[in-house]
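The values are calculated or read from the model by the stated rules, or taken from the named source; none is laboratory data. Just so you know, these numbers come straight off a predicted model, no measurement behind them. Quick reminder, even Gly has a Cβ in these numbers, built from the backbone with ideal geometry, and neighbours come from all protein chains shown. Ligands, DNA and RNA are excluded from the accessible area calculation, which covers all protein heavy atoms including side chains. Shrake-Rupley method; radii C 1.70, N 1.55, O 1.52, S 1.80 Å.
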Amino acid sequence: MIKTFDVKTDNHDQMIDVTSKVEQWIKDEGVTDGVVIVSSKHTTAGLTVNENADPDVKTDMLRRFREVYPWEMAEDRHAEGNTAAHMKTSTVGHSQTLIIEDGNLVLGTWQGLYFCEFDGPRSRKFTAKILK
């Protein structure tokens, strides 16, 4: 089973909780146990698992990424001017592998799956594949 999800981003950088989208698809497919691999189809947007209880975590993470990878650096040679977005994506990674048990994603109490936009706003996609 494989599915491509659409994500519309509204900001230059943002973290969008996509946990419920993936969980609903798992339920719709009737899968009770297995593994789901989720993968961004972009080099300037990634996926991460992180805290979903306090929205300040996302705010802080995005601020810290901007500090570590400033958008404009005179030394950058990439013609599109988005080297920082590529660096951020390489840091968080383009994919996540999650366990499915009893029809639910196995995540910690405070964890969620986030699509991380680093060069938006854009229309984006990520793909998920369930292995049973």
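For the reader, a short list of remarks on this structure follows.
- Here is the figure for segment 83-98: residues that are assigned to a loop (DSSP other than H, G, I, E, B) and open to solvent by less than 90 Å² (accessible area, probe 1.4 Å) total 1.
- Long-range neighbours under 8 Å by Cβ, at least six apart or interchain, first residue in contact (Cβ under 8 Å) with a residue 60 or more places away in the chain within segment 75-93, second in a helix (DSSP H, G or I): LYS88/PHE65
- Hey, ALA128 over 12 Å from MET15 (Cα atoms) and part of a loop (DSSP other than H, G, I, E, B) or not: no
- Segment 104-132, subset of a type in the set (D, E, K, R) and open to solvent by 80 Å² or more (accessible area, probe 1.4 Å), residue farthest from LYS27 (Cα to Cα): ARG122
- If you go through segment 62-82 and pick out every residue that is farther than 12 Å from GLU117 by Cα and assigned to a helix (DSSP H, G or I), you end up with 5.
- Scanning segment 22-61 for residues that are small (Gly, Ala, Ser), open to solvent by 20 Å² or more (accessible area, probe 1.4 Å) and touching a Gly at 6+ places or on another chain (Cβ under 9 Å) yields a total of 2.
- The condition of being farther than 23 Å from ASN11 by Cα, out of contact with any Asp or Glu (no Cβ under 7 Å at 6 or more places or on another chain) and loosely packed, with under 14 Cβ neighbours inside 10 Å holds for only one of GLU67, GLU80, GLU101, GLU75, that being GLU75.
- Condition check for GLY120: touching a residue at least 60 places away in the same chain (Cβ under 8 Å), on the phi > 0 side of the Ramachandran plot and not hydrophobic (A, V, I, L, M, F, W, C): no
- Residue check for ASP33: in contact with a Lys or Arg (Cβ under 8 Å, 6 or more places away or on another chain), in contact (Cβ under 8 Å) with a residue 12 or more places away in the chain, more than 23 Å from ALA84 (Cα to Cα) and not hydrophobic (A, V, I, L, M, F, W, C): yes
- Matching option when the condition is β-branched (Val, Ile, Thr), more than 17 Å from the chain's Cα centre (by Cα) and not in a helix (DSSP H, G or I), among THR32, THR43: THR32
- Tally, over segment 46-61, of residues that are out of contact with any His (no Cβ under 8 Å at 6 or more places or on another chain) and outside any helix (DSSP H, G or I): 7
- Residue count for segment 67-106, restricted to those that are at pLDDT 95 or above and touching a helix residue (DSSP H, G or I) at 6+ places or on another chain (Cβ under 7 Å): 6.
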